[in-house]
Amino acid sequence: MITTILYRSLLERDWARAERAFACLIRGKDVDIRRIWGVGVELLLRREDGMKDATEFLERLILFFPYRPRLHSHHPALGAAKRKGKEKRLLPLDSAIEFQPALFSLLIEGSRYRDVGGGREEGEEVEVSRPEKVKERLEELMLTPPWSDMEGLLCLRGMVCLWVADVELQRIVEDEGDGGGDAEERRSMARELRAEAKGYFETVKEKGGRVPEGIEDALAVDEEEDEEMVEA
């Protein structure tokens, strides 16, 4: 009954009612939140301060349902369970393996949203170091297995590198507007970040994975622009 109310509310875009139904549903004894966590994230994102709430929700799920080698070592996302022929594996319920990529996708989206001014109140200072903080947090996570080999996280890491490179180039414009700055150093850093990103995407392809659509074209354009800058 509550499940019916939840999905009917979602279809009717009655978000408040859907959130109440979701809250009731996850309190039930026979309901495992790992089966419907995606719905919870979507509902939280529709709140006024949804990005923060959704991020905290995912962080709690990661703590409650961590990666356990005995259960999750054959998860397809780890590249350890590429199915051959008609072989099938019964996988456990969702865990940090699903929650970590979702969390970093939110962190990236939320930070980019703030950078363009969408989520700031008037007078609030832009957190110029936020992109680097997301990059550092992702690098720290990927120092150890299984995260170091996850194709999804490798793609995210490459995309974060491209994002930080764009931020560095944007700062060149801002520095020139202020009458100074270290433009050449920032250009060099941007080139290094794009090369780093390219390496991550190549690793994904070597593992048999797919890179996000349009990434290779974007990298090719960036390389052409770098050559034009050098010639200029």
Which pairs have Cβ atoms under 6 Å, sit 6 or more apart or on different chains, and link a residue in the stretch 149-174 that is touching a residue at least 40 places away in the same chain (Cβ under 8 Å) to one that is outside any helix (DSSP H, G or I) and among the small types (Gly, Ala, Ser)?
ASP149/GLY79; GLU151/GLY209
Scanning the stretch 198-213 residue by residue, those outside any helix (DSSP H, G or I) and either within 16 Å of VAL160 (Cβ to Cβ) or of a type in the set (D, E, K, R) (or both) turn out to be LYS207, ARG210, VAL211, PRO212, GLU213
Can you run down the residue pairs with Cβ atoms below 6 Å, 6 or more apart or on separate chains, where the first is in the stretch 6-25 and crowded, with 16+ Cβ neighbours inside 10 Å and part of a helix (DSSP H, G or I) and the partner is charged (D, E, K, R) and modelled with pLDDT of 95 or more?
SER9/ARG17
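Table: residues versus (1) within 19 Å of the chain's Cα centre (by Cα); (2) in contact (Cβ under 8 Å) with a residue 40 or more places away in the chain.
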position: VAL31; (1), (2): no, no
position: ARG35; (1), (2): no, yes
position: GLY40; (1), (2): yes, no
position: ARG47; (1), (2): no, no
Note on TYR67: of the conditions (1) in contact with a Ser or Thr (Cβ under 8 Å, 6 or more places away or on another chain); (2) more than 20 Å from ILE97 (Cα to Cα), unmet is (2)
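The values are calculated or read from the model by the stated rules, or taken from the named source; none is laboratory data. Note that the coordinates shown come from a computational prediction; the quantities given were computed from them, not determined experimentally. Please note: Cβ atoms are built from the backbone with ideal geometry, for glycine as well, and neighbour counts cover all protein chains shown.
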